[in-house]
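Laboratory data are not the source of any read-out in this text; all were calculated from the coordinates shown. Source: prediction; values computed, not measured. Ideal geometry is used to build each Cβ from the backbone, glycine not excepted, and the neighbour counts take in all protein chains shown.
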Amino acid sequence: MPTLLARSPITPAVTRAEGVRVRPVPRVIGVDVPVPVRDGGHVPYANLDYAASAPCLEAVHEAVTRALPYYSSVHRGAGYASRVTTGAYEEARETVRSFLGAWRRSAVVFTRNTTDAMNLLAHAVPAGTSVVVFETEHHAALLPWKRAVRLPAPATPADAICAADRALRECPIGPRLLVVTAASNVTGELWPIGELARVAHRHGARIAVDAAQLVPHRPLDMTALGLDYAAFSGHKLYAPFGAGVLAGRADWLRAAGPYLKGGGASASVGRTTRWAASAEQRHEAGSPNVLGVIALAAACDALSGAWEALAAREESLVRRLRSGLAALPSVRELTLWGDRAPRVGIVSFAVDDWNARDVALTLSEEYGIGVRDGKFCAHPFVGHLLGGDGADRSADRGAAVRASVGIGTSEEHVHRLLTALAELTER
């Protein structure tokens, strides 16, 4: 089978120093693009909204550009372009499996995003499965389940472990699934997923992890942590081309009927239909998002060799951001477990006497800063952190502002945000 695409668009160039394979630190497209501000001028854009959607990596753009001339259908074509594209698509699956540290026989099913992946898993769980989930979850992990026990926000990581242990022990006999985030999309705080996996397995349960906010910032090793399932989105991972992943144990996925019924999911169709045996084929009906998958794999590959440098840089930026917010008396950072809890580059806060939308609009229109405002698809959790009702549906009540950093964030961006907030709070 041809390997042109499988080799070049997915694997970026590397350099060697003293015999050690070294990847360049990845770069994003659109850093400091000029944006208009209210006085009629333009300023370089300070993108502090990475947690919503991260910009495209240059390596991802290059991978897609190299793939486009050979773009064709996958799995069912005999032509050269189709065979090359099929090779790239399937190698992308192996790249993602390696990126996640998944077991060799794990299923890697390509989806649209994390929400799609979690809904696929909810479709595949056996009938009668008891699901345990914390109310702190993103709606993608909170809402898909037919039979779920919702646990309140834990006061500490140890309380989270104890609450999960108790809830799983009290579940009725039958299949059980613990669903938890790896890193909060509201506070950035890291959850003790390794310990929670051990608790789940002690009760004969499985664990599914929403890794959407972790994998753009830190490596994930499913095998070492004992995770049964993990889901994430390309658009959070610097690959904004509409692909996501559900990876993990294949048995529930193979036993379930197709998530979507159509071409590719069927092995044979006549008076009766026989579905494809593999979890990937069974749940990837129709023509897949080939370019999205190639982009996703390129992002995984580009990030894999740069974690240490990226993490150190991010931690420096987050320390500066959080210390600057703490120095503003009218600004309150939202945290679940306090200042010392480890976290990725996500910080949410409220500003006294300002609603969140007005803060975000003013930062954009006057300072060229992009942040997110609202409840971040985590209504119960944001309501808990603000001390109100997470069910409040108004746009300007029970909402917060979120600043999130990534590869293209600079110290100037953080300084500009803190300066702007200081000026806003003086008005």
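Against the 2.2 N^0.38 Å scaling, with N counting residues, where does the range 130-214 land? I'd like the Cα-based Rg ratio to two decimal places.
0.97
Take the Cα atoms of the range 65-304, build their convex hull, and give its volume per residue in Å³.
115 Å³
Show which aspartates and glutamates lie in cross-link reach of residue 261 when reach means a straight Cα distance below 20 angstrom and same-chain residues fewer than eight apart are skipped.
Within the straight-line cut-off, residue 261 pairs with 116, 251, 280, 284.
Based on DSSP loop calls and a cut-off of at most 13 other Cβ atoms within 10 Å, the longest stretch of the chain free of exposed GluC sites (Glu not before Pro) is what?
19-425
Among 235, 324, 122, which residue has its Cα positioned farthest towards the positive end of the charge dipole of the chain, with +1 placed on the Cβ of Lys and Arg, -1 on the Cβ of Asp and Glu, and the dipole taken about the Cα centre?
The residue sitting farthest along the positive end of the dipole is 122.
So if R0 is 30 Å, what FRET efficiency would residue 319 and residue 150 give, r being the distance between their Cβ atoms, rounded to the nearest 0.05? Present the calculation step by step, with values, prior to reporting the outcome.
On the way: r = 34 Å, r/R0 = 1.12.
According to the calculation, E is roughly 0.35.
Measuring from label point to label point, each 7 Å out along Cα→Cβ, what is the residue 411 to residue 278 span in nm?
5.0 nm
Work the Kirkwood hydrodynamic radius out for the range 306-425: mean of 1/r over every pair of different alpha-carbon atoms, inverted, in Å. Display every interim value, and only then the final one.
Values: mean 1/r = 0.0676 Å⁻¹.
Its Kirkwood hydrodynamic radius stands at 14.8 Å.
How about residue 375: which lysines have a C-alpha closer than 22 Å to its C-alpha, ignoring those fewer than 8 places off in the same chain?
Hits, sequence-local ones excluded: 236.
When the chain is fully extended, how far beyond the present Cα-Cα distance does residue 255 get from residue 162, taking 0.36 nm per residue of separation?
Working: separation 93, 0.36 × 93 = 33.48 nm, distance 3.19 nm.
Difference between extended and current length: 30.3 nm.
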